[in-house]
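Right, one structure below, let's go through it.
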Amino acid sequence: MNAQGPILALCGSLRHPSRTRQALERALAAAARLGAATELLAGEPLRLPLCDGRPEAEIPPAVAELRHRARAAAALLLGSPEYCGTYSAVIKNVVEWLGPSILQGKVVGVVTVAEGPSAQGSLRALRELCLLEGAWVVPAAAAIPLVEQVFAQPSAPLAVSVLRHLDALGKALPGALRRLHGPSGRPPAEGLPA
Ligand SMILES: Cc1cc2nc3c(=O)[nH]c(=O)nc-3n(C[C@H](O)[C@H](O)[C@H](O)COP(=O)(O)O)c2cc1C
């Protein structure tokens, strides 16, 4: 755990442009307004080979870079489009490559987007996956349904009510780090419980 590092967002869509990326950027902006350093990995850097249990000596450079950035981050913000009622294979592959050695004890936020009327399937499944890997998933979360409509008309009542969850999630991440590590931002001497 590196409580001094940035909040690193990882985008589970390889599409360009990506609504998942747009949602992550909005949540990161809310975190940045509270003084947090933020970073985003999206697109080509996350076009990784499938995680297949190969020996550590054969880990591709892009995976080594992802692991390095994730290890250095104070918190992760994972984003996924809703695909067939759950999270994307891209974000599952990222989580598999990170594994519990990086995710255990890491503060994690989750955001999902869907073209249809619900992004809850991917949200629930991705939060559960992160919990299984030992992450400290923050209670705040954002599932953005009807995402084209929401971003096309951000002042409409539906969009306002949905987008405020993204802002709350962004603010919750530095808040969780302060709660865990105190105002100094440093982890306790004994570290976090496993
Ligand atoms: C393979 C696939 C499956 C999808 N399944 C769903 C779905 O179950 N429910 C839904 O509302 N939208 C579904 N969508 C639409 C995406 O959630 C939507 O296009 C989203 O904006 C994609 O995120 P992106 O813009 O970040 O790529 C699916 C799209 C693809 C390509």
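The values are calculated or read from the model by the stated rules, or taken from the named source; none is laboratory data. Only a predicted model underlies this, so the values are computations on that prediction, with no experimental measurement involved. All Cβ positions, even for glycine, are placed from backbone atoms using ideal geometry, and neighbour counts span all protein chains on display. Surface accessibility is based on the protein's heavy atoms, side chains included, excluding ligands, DNA and RNA. Shrake-Rupley method; radii C 1.70, N 1.55, O 1.52, S 1.80 Å.
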Legend entry - Single match in ARG71, ARG127 (criterion: within 17 Å of GLY5 (Cβ to Cβ) and basic (Lys, Arg)): ARG71
Inset, instruction - Would you be able to tell me the number of residues in the stretch 59-88 that are on the phi < 0 side of the Ramachandran plot and near the ligand (Cβ under 10 Å from one of its atoms)? - result: 7
Legend entry - Unique match (being among the aliphatic types (A, V, I, L, M) and out of contact with any helix residue (DSSP H, G or I) (no Cβ under 7 Å at 6 or more places or on another chain)) among LEU76, LEU66, LEU131: LEU131
Inset, instruction - Kindly list, by first and then second residue, each pair from a residue in the stretch 68-86 that is under 12 Å from VAL113 (Cα atoms) and without any contact (Cβ under 8 Å) to a residue 40 or more places away in the chain to a residue that is open to solvent by 10 Å² or more (accessible area, probe 1.4 Å) and not in a helix (DSSP H, G or I), limited to pairs with Cβ atoms under 9 Å and residues at least 6 apart or on different chains. - result: GLY85/SER118
Inset, instruction - State whether one or more residues within the stretch 23-30 are within 13 Å of the ligand (Cβ to nearest atom) and either farther than 24 Å from ALA142 by Cα or buried (at least 22 other Cβ atoms within 10 Å of the Cβ) (or both). - result: yes
Inset, instruction - For the stretch 80-97, indicate whether the set of residues that are under 20 Å from ALA31 (Cα atoms) and modelled with pLDDT of 95 or more is non-empty. - result: yes
Inset, instruction - Scan the stretch 159-177 residue by residue and report those that are charged (D, E, K, R) and either surrounded by 14 or more Cβ atoms within 10 Å (Cβ to Cβ) or at pLDDT below 95 (or both). - result: ASP167, LYS171
